[in-house]
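Structure first, then comments.
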Amino acid sequence: MCIRDRYQRRVRGLCTLLSCYRIMPAKAAKTCMVVDIIPQGEDVELETLIEQIKTIARDGIEVGESSLEPLMFGAKKLVQLVIIEDDKISSDLVVELIQALGDVGVEIVAFNTA
């Protein structure tokens, strides 16, 4: 076997080895946020607000479960789960989108990065 054949064989072996270690694309980091949505006025309908919040879902924003919880003196607040992709969406944008839906105050209660 000549030097050229050994060299070609070695190159083929290295190419096979490198193909086993292909670079996989990195998964996008996701953040899970629990948001309290508190109505600022008496005319805010929380049931319709739940449906409106589902409309903010877009590329990078997933809207999860929601629940109504008592706040004080018979008033209720909406607790909403939102999952965002860190590379595409910021938490500030989500807060702004929710505030644009009506006369509500938004507070981030939990913020977990996965």
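See the values below:
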{"item": "Number of the condition not met by GLY74 [criteria: (1) under 16 Å from ILE38 (Cβ atoms); (2) in contact (Cβ under 8 Å) with a residue 12 or more places away in the chain; (3) out of contact with any strand residue (DSSP E or B) (no Cβ under 7 Å at 6 or more places or on another chain)]", "result": "(2)"}
{"item": "Verdict on GLY102 being open to solvent by less than 40 Å² (accessible area, probe 1.4 Å) and over 18 Å from the mean Cα position of the chain (by Cα)", "result": "yes"}
{"item": "Cross-chain or 6+ apart pairs with Cβ under 7 Å, the range 78-106 first and in contact (Cβ under 8 Å) with a residue 60 or more places away in the chain and over 14 Å from ASP36 (Cα atoms), then of a type in the set (Asp, Glu) and open to solvent by 30 Å² or more (accessible area, probe 1.4 Å)", "result": "LYS88/ASP59"}
{"item": "The range 105-114, subset hydrophobic (A, V, I, L, M, F, W, C) and at pLDDT 90 or above, residue most open to solvent (accessible area, probe 1.4 Å)", "result": "VAL109"}
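The values are calculated or read from the model by the stated rules, or taken from the named source; none is laboratory data. Everything quoted here is computed from the prediction, not taken from an experiment. When we count neighbours, we look across all protein chains shown, and the Cβ atoms used for this are built from the backbone with ideal geometry, even at glycine. Note: areas computed on protein heavy atoms with side chains; ligands, DNA, RNA excluded. Shrake-Rupley method; radii C 1.70, N 1.55, O 1.52, S 1.80 Å.
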